[in-house]
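Trainee: Below: one structure in structure tokens.
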């Protein structure tokens, strides 16, 4: 079952079960090629990024000791913002994915890494690595689709509460790290009933998150301002600003991964008995890239290669760029659409969707002038992998 | 006071620890294990080299004859091996290990042929009781073969002065293969010890009987032996038969070869569960089927939610057949959902 049964175009209608199996084999081979060539230069890369991040963070915080002087405030805030973005994106997110586990360095390992973020690593790994990456874009299973508070696909049922979602999305962007922490806790679901609130497992997770939030806040909003002495108020403002910039940036990048027009979603039943090839196919159709230069790739933690990342979440992030042309070639040969665009274009596209879907599906259809041009792509009939699997088996 | 100051610094660095930042300024600091830097590499024979290492903070020193676990990054992957320390404790604090490159030895080949001055290495504290007693024995015998000379040379360099009557019987294929050959011969010429070289390429391997002929009072000497397991086993029998078992100390270099097969017995060490598994069933499935509380996630090798340490043995990656092997002390994390037993293995859960 696809989400949008009524649509007139199925993007994988032309693929046979054998095609999909071949696609899977080609992607497996691509993955093996990267794994076989992982080595010292990759290890040097991540260590260089980690070192750069720590120098930036130490430098930024040192400069902020004198934050009551305006130039120091700007330089320090900029350095700290960049350091926090690097830590969350290119380092934390990717290390926690196990991308660097092969180095067997216990300090750069998915089982030991803790990141500069409100959500504890353990909970993030469960909701992100396990749920989101396994059930990517499956309605009702992948809570990343609108984070449980928004409607980002026509297939999600409209509710009057969605009218406020442009505002929710803005608030979520501003407080993104807390939004993620709440999301990892599944607060909406777990606070709903008394029984769930009293569940010991939930209470343990909640207190772990609160501990982490407290430690993080103490660091940024108490300890470092105190260390700044007379610059305490301006350092506090600087740290708030750095966290805000990090929040807005990561929110934008992550919105670009799965919300822009052209990204497909899938019905819960469509993944029953899914083959490896079909899983790959779902990742290909369910993700979107951001085009740009090396700095863009670094600052997005290479989530600018969201498609490649979703195909191979555990390959070192610095290698996505080199496999991207091969992946793109696969899209072309198998007649699929590689969704990509510049950051502003994709951000606008994602926001547009959030705003459009705040209203019921047919609302804007009645006012064609305001319909976005990318609409036909989104309206296409979506993949039906399960039926392909049954036909093939 | 100090711990309070430390706690405050930790509040400023969370979620990292202060040493994570120190490490940026001084790579020899940081981490639970001490670290060291290679400050010189000296070739010994065609296939052996001595590495001079300057340990950083936290290195507690060693006694001659002990070994150290050394971690090096080879092609980006942290690999740990044990090597005997060949230096006596030195005033300048440096230590040496002497490594013989074994065929297909990832780490030994790297250390002998590729390790450069400046390379950072990871260390464990020195271990082992293959050492000289504080009260030096009146008569000592060292029986060594190949790189088995390495712990003994450490003792000779440290305690040779305190030993009056020392015999060293050392086996190597040819004269030029003797590691520390010139040094040992020089020591013998100066009367520091009686050296018997056995060149096995022409004379064959030494037997306990031949040894008894060469050193008639062998079982009455305090004896230290290091070499192949069959030599050590034969010596053990001889000394025990003579009722002098307490005079023999042996040091075994752990066999590097682990039985690699299809499937095997999986031990879930902390759960006290043992199960037989075939080569196609994941460790995760095996554990779960036997009631072990396994961490798990996507069950397809992408989320790393199921990673637990492989303490010993071999596992095979079901996706590409790659075999990962751990020996005691390694604790290599493996993805249990896509790994199967490749011979007996022990997991840390």
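Trainee: When residues of segment B:134-170 are filtered for being under 21 Å from the mean Cα position of the chain (by Cα) and farther than 16 Å from residue B:47 by Cα, how many remain?
Mentor: So the answer is 12.
This table checks each residue for (1) modelled with pLDDT of 95 or more; (2) within 14 Å of chain A (Cβ to nearest Cβ); (3) surrounded by 22 or more Cβ atoms within 10 Å (Cβ to Cβ).
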| residue | (1), (2), (3) |
| --- | --- |
| B:260 | no, no, no |
| B:268 | yes, no, yes |
| B:272 | no, no, no |
| B:279 | no, no, no |
| B:295 | no, yes, no |
| B:298 | no, yes, no |
| B:317 | no, yes, no |
| B:331 | no, yes, no |
| B:343 | no, no, no |
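Trainee: Is it the case that some residue within segment A:245-264 is in contact with a strand residue (DSSP E or B) (Cβ under 6 Å, 6 or more places away or on another chain), part of a helix (DSSP H, G or I), more than 14 Å from every other protein chain (Cβ to nearest Cβ) and over 19 Å from residue A:72 (Cβ atoms)?
Mentor: Looking for residues that are in contact with a strand residue (DSSP E or B) (Cβ under 6 Å, 6 or more places away or on another chain), part of a helix (DSSP H, G or I), more than 14 Å from every other protein chain (Cβ to nearest Cβ) and over 19 Å from residue A:72 (Cβ atoms), one finds at least one in segment A:245-264, hence yes.
Trainee: Just to be sure I understand, how many residues within segment B:50-95 are assigned to a strand (DSSP E or B) and within 14 Å of residue B:149 (Cα to Cα)?
Mentor: Number satisfying all stated conditions: 5.
Trainee: Being surrounded by fewer than 20 Cβ atoms within 10 Å (Cβ to Cβ) and either at pLDDT 95 or above or over 19 Å from the mean Cα position of the chain (by Cα) (or both) is the filter here, so list the residues in segment B:88-108 that pass it.
Mentor: Answer for segment B:88-108, where residues must be surrounded by fewer than 20 Cβ atoms within 10 Å (Cβ to Cβ) and either at pLDDT 95 or above or over 19 Å from the mean Cα position of the chain (by Cα) (or both): B:90, B:91, B:92, B:93, B:94.
Trainee: As an exercise: evaluate residue A:161 against (1) surrounded by fewer than 19 Cβ atoms within 10 Å (Cβ to Cβ); (2) closer than 26 Å to residue A:91 by Cα; (3) away from chain B (no Cβ under 14 Å); (4) over 15 Å from the mean Cα position of the chain (by Cα) and give the number of the one condition it does not meet.
Mentor: So the condition that residue A:161 fails would be (2).
Trainee: With respect to the numbered conditions (1) out of contact with any helix residue (DSSP H, G or I) (no Cβ under 7 Å at 6 or more places or on another chain); (2) over 24 Å from residue B:21 (Cβ atoms); (3) at pLDDT below 95, which one is the sole condition not fulfilled by residue A:1?
Mentor: Result: residue A:1 fails condition (1) only.
Trainee: Additional query: Output yes when any residue across segment A:193-209 is over 21 Å from the mean Cα position of the chain (by Cα), within 14 Å of chain B (Cβ to nearest Cβ), part of a helix (DSSP H, G or I) and in contact (Cβ under 8 Å) with a residue 12 or more places away in the chain, and no when none is.
Mentor: Yes - at least one qualifying residue is present in segment A:193-209.
Trainee: Residue A:226: within 14 Å of chain B (Cβ to nearest Cβ), free of Cβ contacts under 8 Å to residues at least 24 places away in the same chain, in a helix (DSSP H, G or I) and surrounded by fewer than 24 Cβ atoms within 10 Å (Cβ to Cβ), yes or no?
Mentor: Answer is yes for this residue.
Trainee: Hey, among B:338, B:323, which residue is within 11 Å of another protein chain (Cβ to nearest Cβ) and within 30 Å of the chain's Cα centre (by Cα)?
Mentor: It is B:338.
Trainee: Please work out which one of (1) within 14 Å of chain A (Cβ to nearest Cβ); (2) in a loop (DSSP other than H, G, I, E, B) is the condition residue B:12 fails and give its number.
Mentor: So the condition that residue B:12 fails would be (2).
Trainee: Check A:350, A:378, A:365 and return the single one that is modelled with pLDDT under 90 and either outside any loop (DSSP other than H, G, I, E, B) or under 20 Å from residue A:12 (Cβ atoms) (or both).
Mentor: After applying the criteria, what remains is A:378.
Trainee: Hey, any hits in segment A:148-156 for a residue that's more than 14 Å from every other protein chain (Cβ to nearest Cβ), buried (at least 21 other Cβ atoms within 10 Å of the Cβ) and either at pLDDT 95 or above or assigned to a helix (DSSP H, G or I) (or both)?
Mentor: No, that holds for no residue.
Trainee: Of everything in segment A:128-147 that's within 14 Å of chain B (Cβ to nearest Cβ) and farther than 19 Å from residue A:303 by Cβ, which residue is modelled with the highest pLDDT?
Mentor: Per the criteria, the residue is A:138.
Trainee: Does segment A:187-203 hold any residues that are surrounded by 10 or more Cβ atoms within 10 Å (Cβ to Cβ) and within 17 Å of residue A:127 (Cβ to Cβ), and which are they?
Mentor: Selection gives A:187, A:188, A:189, A:190, A:191, A:196, A:199, A:202.
Trainee: Here are some conditions: (1) buried (at least 19 other Cβ atoms within 10 Å of the Cβ); (2) farther than 21 Å from residue A:261 by Cα; (3) modelled with pLDDT under 95. Residue A:319 meets all but one. Which one does it not meet?
Mentor: Condition (3) is where residue A:319 drops out.
Trainee: Regarding segment B:22-36, can at least one residue be identified that is on the phi < 0 side of the Ramachandran plot, part of a strand (DSSP E or B) and more than 14 Å from every other protein chain (Cβ to nearest Cβ)?
Mentor: Yes, that holds for at least one residue.
Trainee: Still on this model: Somewhere in segment A:383-391, is a residue modelled with pLDDT of 95 or more and under 24 Å from residue A:129 (Cα atoms)?
Mentor: no
Trainee: Considering only residues that are buried (at least 20 other Cβ atoms within 10 Å of the Cβ) and either part of a loop (DSSP other than H, G, I, E, B) or in contact with a strand residue (DSSP E or B) (Cβ under 6 Å, 6 or more places away or on another chain) (or both), which ones fall in segment A:283-304?
Mentor: The answer is A:286, A:287, A:288, A:289, A:300, A:301, A:302, A:304.
Trainee: Looking only at segment B:55-77, filter to residues that are farther than 29 Å from residue B:223 by Cα, more than 14 Å from chain A (Cβ to nearest Cβ) and buried (at least 17 other Cβ atoms within 10 Å of the Cβ); which one of those is modelled with the lowest pLDDT?
Mentor: B:56
Trainee: Which condition number does residue A:232 fail, the rest of (1) surrounded by 22 or more Cβ atoms within 10 Å (Cβ to Cβ); (2) modelled with pLDDT of 95 or more being met?
Mentor: Every listed condition holds for residue A:232 apart from (1).
Trainee: Consider residue B:249 carefully, then state whether it is modelled with pLDDT of 90 or more, assigned to a strand (DSSP E or B) and within 30 Å of residue B:68 (Cβ to Cβ).
Mentor: Yes: the conditions hold for residue B:249.
Trainee: Shifting gears a bit: Filter segment A:204-223 down to residues that are surrounded by 14 or more Cβ atoms within 10 Å (Cβ to Cβ) and more than 22 Å from residue A:236 (Cβ to Cβ), then give me how many there are.
Mentor: Within segment A:204-223, residues that are surrounded by 14 or more Cβ atoms within 10 Å (Cβ to Cβ) and more than 22 Å from residue A:236 (Cβ to Cβ) number 4.
Every residue, every condition in (1) in contact (Cβ under 8 Å) with a residue 40 or more places away in the chain; (2) farther than 19 Å from residue A:320 by Cβ, yes or no:
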{"position": "A:36", "(1), (2)": "no, no"}
{"position": "A:74", "(1), (2)": "no, yes"}
{"position": "A:78", "(1), (2)": "no, yes"}
{"position": "A:121", "(1), (2)": "no, yes"}
{"position": "A:139", "(1), (2)": "yes, yes"}
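Trainee: In this structure, is residue B:345 touching a residue at least 24 places away in the same chain (Cβ under 8 Å) and within 23 Å of the chain's Cα centre (by Cα)?
Mentor: yes
Trainee: Scan segment A:165-188 and give yes if some residue there is in a loop (DSSP other than H, G, I, E, B), within 14 Å of another protein chain (Cβ to nearest Cβ) and out of contact with any strand residue (DSSP E or B) (no Cβ under 9 Å at 6 or more places or on another chain), otherwise no.
Mentor: No, there is no match, as no residue in segment A:165-188 is in a loop (DSSP other than H, G, I, E, B), within 14 Å of another protein chain (Cβ to nearest Cβ) and out of contact with any strand residue (DSSP E or B) (no Cβ under 9 Å at 6 or more places or on another chain).
Trainee: Can you tell me how many residues in segment B:300-315 are within 8 Å of another protein chain (Cβ to nearest Cβ) and within 26 Å of the chain's Cα centre (by Cα)?
Mentor: 1
The values are calculated or read from the model by the stated rules, or taken from the named source; none is laboratory data. Remember, it's a predicted structure, so these values are computed and weren't measured experimentally. Backbone-built Cβ (ideal geometry, glycine too); neighbour counts: all protein chains shown.
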